[in-house]
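Participant: This structure is in structure tokens; I'll ask about it shortly.
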Amino acid sequence: MRVVRRAVVLLALGVSACAGGGAQYGTRTSLSCVPYAREVSGIRLQGDAWEWWAEAAGRYERSDRPMPAAVLVFRRHGDMRDGHLAVVSRVVRPDEIMVTHSNWLPGRIDSDQPVVDVSAAHDWSLVRVWWPPVGALGRREYPTDGFILPQVAQTASR
């Protein structure tokens, strides 16, 4: 799987496993969500996480439907001043995905974590995210822009 191969690259960059953490939960890292999402997804965008949606315009396809290896872009919201990026590892149902992301919990990479669409329009514009410390979905709802799809950049494909 592409996500697993990319994770091997991250390990080569010096990411080590957390004591007591499994392969899918709680790997220690110093990478923020942006370089992690870039490496795992292959999407080559720059800027803070919240800037990726606009940065992708005309370069990558954007969607309100998830697919594996797509990047979910979280808007700036509350204490999350830089936004957040999470890479879809799989689609469970139309309203639930599993993601792999870095620094949702500071200094960690967490794989296959549930994210649920709670938007009124069922368009993934508002989500709830798994919170590992309690082993359940967090109570907060986070606004998102949608998914940047992992195909070859549109400008490079022509």
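Read-outs throughout are calculated quantities, based only on the coordinates presented, and are distinct from any laboratory measurement. Predicted model only: the values in this text are computed from it and were never measured. Cβ placement follows ideal geometry from the backbone for every residue including glycine, while neighbour counts extend to all protein chains displayed.
Participant: Inspect all residues belonging to the stretch 120-127 and state whether any of them is more than 18 Å from residue 36 (Cβ to Cβ) and part of a strand (DSSP E or B).
Facilitator: yes
Participant: Are any residues in the stretch 93-115 surrounded by fewer than 23 Cβ atoms within 10 Å (Cβ to Cβ), touching a Pro at 6+ places or on another chain (Cβ under 7 Å) and within 16 Å of residue 127 (Cα to Cα), and if so, which ones?
Facilitator: Those that are surrounded by fewer than 23 Cβ atoms within 10 Å (Cβ to Cβ), touching a Pro at 6+ places or on another chain (Cβ under 7 Å) and within 16 Å of residue 127 (Cα to Cα): 96, 98.
Participant: Considering every residue within the stretch 109-117, establish whether at least one is touching a helix residue (DSSP H, G or I) at 6+ places or on another chain (Cβ under 7 Å), of a type in the set (A, V, I, L, M, F, W, C) and touching a residue at least 40 places away in the same chain (Cβ under 8 Å). Can you show your working first?
Facilitator: Taking the stretch 109-117 as the starting set, the residues that turn out to be touching a helix residue (DSSP H, G or I) at 6+ places or on another chain (Cβ under 7 Å) are 109.
In the following step, the residues that additionally are of a type in the set (A, V, I, L, M, F, W, C) were identified as 109.
Then keep just the ones that are touching a residue at least 40 places away in the same chain (Cβ under 8 Å); that gives 109.
Yes, the conditions are met somewhere in the stretch 109-117.
Participant: Which of (1) surrounded by fewer than 18 Cβ atoms within 10 Å (Cβ to Cβ); (2) touching a His at 6+ places or on another chain (Cβ under 6 Å); (3) under 21 Å from residue 42 (Cβ atoms) is the odd one out, the single condition residue 143 does not satisfy?
Facilitator: Of (1) surrounded by fewer than 18 Cβ atoms within 10 Å (Cβ to Cβ); (2) touching a His at 6+ places or on another chain (Cβ under 6 Å); (3) under 21 Å from residue 42 (Cβ atoms), only one is false for residue 143: (3).
Participant: Kindly provide the set of residues from the stretch 93-119 that are out of contact with any Lys or Arg (no Cβ under 9 Å at 6 or more places or on another chain) and part of a loop (DSSP other than H, G, I, E, B), ordered by number.
Facilitator: 95, 103, 104, 105, 106, 119
Participant: Which one is surrounded by the most Cβ atoms within 10 Å (Cβ to Cβ), of the residues in the stretch 79-92 that are without any contact (Cβ under 8 Å) to a residue 24 or more places away in the chain and either assigned to a loop (DSSP other than H, G, I, E, B) or not aliphatic (A, V, I, L, M) (or both)?
Facilitator: Here is the first cut: in the stretch 79-92, the residues without any contact (Cβ under 8 Å) to a residue 24 or more places away in the chain are 79, 81, 90, 92.
Among the residues that remain, those that are also either assigned to a loop (DSSP other than H, G, I, E, B) or not aliphatic (A, V, I, L, M) (or both) are: 79, 81, 90.
On the way: 79: 6, 81: 10, 90: 16.
Among them, the one singled out is 90.
Participant: Looking only at residues in the stretch 35-74 that are in contact with an Asp or Glu (Cβ under 6 Å, 6 or more places away or on another chain) and assigned to a loop (DSSP other than H, G, I, E, B), which one is nearest to residue 107 (Cα to Cα)?
Facilitator: Filtering the stretch 35-74 for residues that are in contact with an Asp or Glu (Cβ under 6 Å, 6 or more places away or on another chain) and assigned to a loop (DSSP other than H, G, I, E, B), the one nearest to residue 107 (Cα to Cα) comes out as 48.
Participant: What number of residues within the stretch 60-78 are more than 15 Å from the chain's Cα centre (by Cα) and surrounded by fewer than 17 Cβ atoms within 10 Å (Cβ to Cβ)?
Facilitator: Qualifying residue count, the stretch 60-78: 3.
Participant: Could you tell me whether any residue of the stretch 126-134 is free of Cβ contacts under 8 Å to residues at least 40 places away in the same chain, of a type in the set (D, E, K, R) and in contact with an Asp or Glu (Cβ under 7 Å, 6 or more places away or on another chain)?
Facilitator: So far as the stretch 126-134 goes, yes, one or more of its residues are free of Cβ contacts under 8 Å to residues at least 40 places away in the same chain, of a type in the set (D, E, K, R) and in contact with an Asp or Glu (Cβ under 7 Å, 6 or more places away or on another chain).
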